[in-house]
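Participant: Take this structure first; my questions come after.
Bear in mind that the values in this text are calculations on the coordinates, not laboratory data. Computed from a predicted model, the values in this text were never measured in an experiment. Quick reminder, even Gly has a Cβ in these numbers, built from the backbone with ideal geometry, and neighbours come from all protein chains shown.
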Ligand code: GLY
Ligand code: MN
Ligand code: MN
């Protein structure tokens, strides 16, 4: 059996979930559909994260169904049956007999799913499923009235990691950190962004891992584009390169950003912005304390960045004016720092359970076992005409991102082996080690 957790960890998740669902509920969790690229070529398959969380099924078809009645939880995992003709092309399947050792009370062929589920649904008062994951489930759901979404109950559970989940995330952060380090060491001016991508992702693959989101490798001005990932330009001597790349271990993500001069030496303007972003990042990490609010982390990074922008003469106003409304964060510092300070991290890179629910909500309160990113940045795209971009900083884009575990003893930086101090970076870039 190829499961990253003991059966008891899955059944414990299922029990905790059903303890919060009403009596007489049925839960239907599909895995992701395969997506066709063309003809018989499919996009790389990634199992659905809720499926991974509740029963660990990784094949590219499958539905986990569970229900409760009179306090008993029963579950059934519908899976593709063994099929020699298909297995010759696609590989040997676990099959219905094999699936019986997965964390479900029973297993059945997915070929029976539609007829079985229509019979089962009639026996329960509440139907919970996640729409938009599987076309066939969406089609069945059209026939059912009053479908409920289980995510508001599962997401707070996923937000707090168990010790085994933390261990996988530590591994993902360590592989990610070493991948960034390897890319820094092996860079020289005029390197292609794609070559840096290859260093980073090659290291992921050497560690039997793979990316958790498409790697961003932005040289020079490309580093100012928040979700740049074409990675097809050459990085010129004197330019910075922003590398935002992370990997997965057992489905659990890391998400790390480093920005460094491709020739190994920061220019003065680059250094000024880098030092400011690093100061904001360290303040954001320090704010990651047990029982702190989500918003307090954003406040910590925002105050440093806004004050620094004033000090550097980029903004000409008071700190309060630069930040704007202390709830909305809508002041002019947002012209240069236009994204959030971070997000939860887990089975999804932008993991569940983050953000604020309303304008004056302070977001989730942090507790031990939560893992989130802290990733302030400043971006000065030369082509912007809506604001004045100071000549001295034109074309600079800098973000620094680490993965932080909340503990009773304060924040633990899971990606701490990835260099980020200026002296460390200048030592390692181009060193070949
Ligand atoms: N890699 C996407 C992000 O940092 O949120
Ligand atoms: Mn991130
Ligand atoms: Mn990132």
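Participant: Label-point separation (nm) for residue 72 and residue 120, each offset 7 Å from Cα along Cα-to-Cβ?
Facilitator: Simple spin-label model gives 1.5 nm for this pair.
Participant: Going highest first, how would you order 205-216, 370-381 by mean Cβ packing within 10 Å?
Facilitator: 370-381, 205-216
Participant: How many angstrom lie between the Cα centre of the stretch 333-368 and the Cα centre of the stretch 132-181?
Facilitator: 16
Participant: To the nearest 0.05, what FRET efficiency results for residue 279 and residue 151 with a Förster distance of 45 Å applied to their C-beta separation?
Facilitator: With R0 = 45 Å, the Cβ-Cβ based efficiency is 0.75.
Participant: Gain in length, residue 338 to residue 6, computed as 0.36 nm per residue apart minus the alpha-carbon separation, to one decimal in nm?
Facilitator: Here the answer is 115.3 nm.
Participant: Work out, step by step, the length gained on full extension between residue 431 and residue 35: first 0.36 nm times the residue separation, then minus their alpha carbon distance; give nm to one decimal.
Facilitator: Net length gain for the segment: 138.4 nm.
Participant: Once you place label points 7 Å from the Cα toward the Cβ at residue 138 and residue 388, how far apart are they in nm?
Facilitator: 4.9
Participant: Here's a follow-up. Taking the chain as the reference, fit the longest principal axis to its C-alpha atoms, fit the long axis of helix 193-206 to the helix C-alpha atoms, and give the angle between the two in degrees, 0 to 90, nearest 10.
Facilitator: It works out to around 40 degrees.
Participant: Relative contact order, percent, of the stretch 89-216 when contacts are C-alpha pairs under 8 Å separated by at least 6 residues?
Facilitator: 13
Participant: Sort 336-349, 142-155, 183-196 for me by packing, meaning the mean count of neighbouring Cβ atoms within 10 Å per residue, highest on top.
Facilitator: Final packing ranking: 336-349, 183-196, 142-155.
Participant: Sequence gap at least 6, Cα distance under 8 Å: using those rules, report the relative contact order of the chain to the nearest whole percent.
Facilitator: About 15 percent, as a whole number.
Participant: Can you put 333, 252 in order of Cβ neighbours within 10 angstrom, beginning with the fewest?
Facilitator: Values: 333 26, 252 29.
Ordered by Cβ neighbours within 10 Å, fewest first: 333, 252.
Participant: According to a simple spin-label model (label point 7 Å from Cα along Cα-to-Cβ), what is the distance in nm between residue 289 and residue 321?
Facilitator: With each label point 7 Å from Cα toward Cβ, the separation is 3.2 nm.
Participant: Helix 163-185: angle to the longest alpha-carbon principal axis of the chain, degrees 0 to 90, nearest 10?
Facilitator: 40
Participant: If you don't mind, there's one more thing I want to ask. At 0.36 nm per residue, and after removing the present C-alpha to C-alpha distance, how many nm does the segment from residue 190 to residue 100 gain when stretched out fully?
Facilitator: Gain in length upon complete extension: 26.9 nm.
Participant: Taking the Cβ-Cβ separation of residue 84 and residue 234 as r and a Förster radius of 56 Å, what is the calculated FRET efficiency to the nearest 0.05? Don't skip to the end; give the middle numbers.
Facilitator: Working: r = 50 Å, r/R0 = 0.90.
Plugging the Cβ-Cβ distance into 1/(1 + (r/R0)^6) gives 0.65.
Participant: Enter the Cα centre distance for the pair the stretch 205-252 and the stretch 380-406, rounded to the nearest angstrom.
Facilitator: Centre-to-centre distance over Cα atoms comes out at 16 Å.
Participant: Could you order peptides 316-328, 217-229, 97-109 by the average number of other Cβ atoms within 10 Å of their residues, highest first?
Facilitator: Per-residue mean Cβ counts within 10 Å order the peptides as 217-229, 97-109, 316-328.
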